[in-house]
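Below is one structure, written out as structure tokens, with a few remarks after it.
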Amino acid sequence: MEIRLPNWEFLLPFDEYDEEELEANGDIWRPCPSFPGHDASFNGWVRSWVMPGHKVNGYYFEGKRVNSPDGVVKNKTRGQLVADAFLVPREPLWQLRYRDGDNLNASVPNLSYEPHHDRAIRNLALAKHSAERKSHCVHNHKLTDESVRTKPDGTRMCLVCSRAHSSMQFERKKLQRKGLDASHVTFEYVLKRKGVYFAEPE
């Protein structure tokens, strides 16, 4: 059979032995180049041959993350290791994408890459971005359409805080140029001042 999946443009080439094994067993295994002692399978599983106490058939990882046997967290996921074994190297600033949205489904047909910006736009459209669910900023200012600016990556910036930071820096530099002490000009000090640009915290 010829391997022709929806994400074929990201796949490393399959040889005839890969195709025969996949057709016969429904799965194939390849070593993970970036994680020695670990294999990844076409169906999205990762096994380790170096985990203590699991020397015969390998230790299988069923969760999302995979750690090294020495206890050092590598911050690797099953999906990343499967992509490392079966997909071409990703472009800079591109991220791994789970096509069905389930990051526990690390099978090869479910993996592809996409630019970070596209992911942010898609998550905003689906209301998945964590910032989209926030009603107040860290300083307890209410986030409304008039008081917030959404950046291209999906993060939201409180305009009250942004203007207070800018005003604080401006006043500090003005006092320092005159040789005066500017230590009293803090973020909280600026927020408490009256004016059309700032609002009192709720």
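The residue that is surrounded by the most Cβ atoms within 10 Å (Cβ to Cβ), counting only those in region 25-40 that are small (Gly, Ala, Ser) and more than 17 Å from residue 89 (Cα to Cα), is 37.
The residue that is nearest to residue 114 (Cα to Cα), among those in region 7-22 that are loosely packed, with under 11 Cβ neighbours inside 10 Å and more than 23 Å from the chain's Cα centre (by Cα), is 13.
Do we find that residue 54 is in a loop (DSSP other than H, G, I, E, B), surrounded by 13 or more Cβ atoms within 10 Å (Cβ to Cβ) and either among the β-branched types (Val, Ile, Thr) or at pLDDT below 70 (or both) in this structure? Full working, then the answer.
Working: in a loop (DSSP other than H, G, I, E, B): yes; surrounded by 13 or more Cβ atoms within 10 Å (Cβ to Cβ): yes; either among the β-branched types (Val, Ile, Thr) or at pLDDT below 70 (or both): yes.
Yes.
For region 123-177, name all the residues that are assigned to a helix (DSSP H, G or I) and either modelled with pLDDT under 70 or assigned by TED's automatic domain parsing to the domain that holds residue 101 (or both). Please lay out each step first, then the result.
Keep residues of region 123-177 that are assigned to a helix (DSSP H, G or I), which gives 123-125, 130-133, 159-177.
Hits for region 123-177 are 123, 124, 125, 130, 131, 132, 133.
Is it the case that some residue within region 57-71 is closer than 29 Å to residue 116 by Cβ, of a type in the set (Ser, Thr, Tyr), at pLDDT 85 or above and buried (at least 16 other Cβ atoms within 10 Å of the Cβ)? Write out each step before concluding.
Taking region 57-71 and keeping what is closer than 29 Å to residue 116 by Cβ, we get 61-68.
Remaining after also requiring of a type in the set (Ser, Thr, Tyr): 68.
Then keep just the ones that are at pLDDT 85 or above; that gives none.
So far as region 57-71 goes, no, none of its residues is closer than 29 Å to residue 116 by Cβ, of a type in the set (Ser, Thr, Tyr), at pLDDT 85 or above and buried (at least 16 other Cβ atoms within 10 Å of the Cβ).
Using beta carbons and a limit of 8 Å, which pairs, at least six apart or on different chains, have the first residue in region 11-24 and under 26 Å from residue 97 (Cβ atoms) and the second one modelled with pLDDT of 85 or more and not in a helix (DSSP H, G or I)? Cβ pairs passing all conditions: 11/87; 11/88; 12/87; 12/88; 18/28; 22/14; 22/28; 22/42.
Acidic (Asp, Glu) and touching a Lys or Arg at 6+ places or on another chain (Cβ under 9 Å): does that describe residue 27? Judged against the criteria, residue 27 is not a match.
The values are calculated or read from the model by the stated rules, or taken from the named source; none is laboratory data. These numbers were taken from a predicted model, which means no experiment stands behind them. A quick note on method: Cβ atoms are made from the backbone with ideal geometry, for glycine too, and the neighbour counts reach across all protein chains shown.
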